[in-house]
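The values are calculated or read from the model by the stated rules, or taken from the named source; none is laboratory data. Quantities reported herein were computed from a predicted structural model and do not represent experimental measurements. Positions of Cβ are generated from backbone atoms using ideal geometry, with glycine treated the same way; all protein chains shown enter the neighbour counts.
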């Protein structure tokens, strides 16, 4: 008795189709995350976490000090490693999950973004 040869082209096509179908929900998650990020509420200076971290929307009003070779006057949310967007007046921040911080803000967790 002779066995049928395995058709590798057909197998690859089926695997490719399965991978494509499996990735569709992941693409949907990525799109919905981007849409949600645009609609985040702004951090209020009265927020308990913001108060604990001395967050100020205007960094010039914050109790900044020179840190890690960066003068206090150069410390803003827009150049902090925890801010997750490169542009915009309000940007998502890892320190305040689900909320945006002002680009000219500052908190005591400020750390210079590399690069």
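Structure values in brief
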item: Among (1) more than 17 Å from residue 39 (Cα to Cα); (2) touching a helix residue (DSSP H, G or I) at 6+ places or on another chain (Cβ under 7 Å); (3) not in a loop (DSSP other than H, G, I, E, B), the one test that residue 78 misses; result: (2)
item: Output for segment 77-95, where each listed residue is within 11 Å of the chain's Cα centre (by Cα) and farther than 13 Å from residue 53 by Cβ; result: 81, 83, 84, 85, 86, 91, 92
item: Selected residue [at pLDDT 70 or above and surrounded by 11 or more Cβ atoms within 10 Å (Cβ to Cβ)] from 62, 19; result: 62
item: Options 90, 106; residue that is closer than 13 Å to residue 43 by Cβ, in contact with a helix residue (DSSP H, G or I) (Cβ under 8 Å, 6 or more places away or on another chain) and touching a residue at least 40 places away in the same chain (Cβ under 8 Å); result: 106
item: Single residue of 98, 73 found to be over 24 Å from residue 41 (Cβ atoms) and either over 12 Å from the mean Cα position of the chain (by Cα) or not in a strand (DSSP E or B) (or both); result: 73
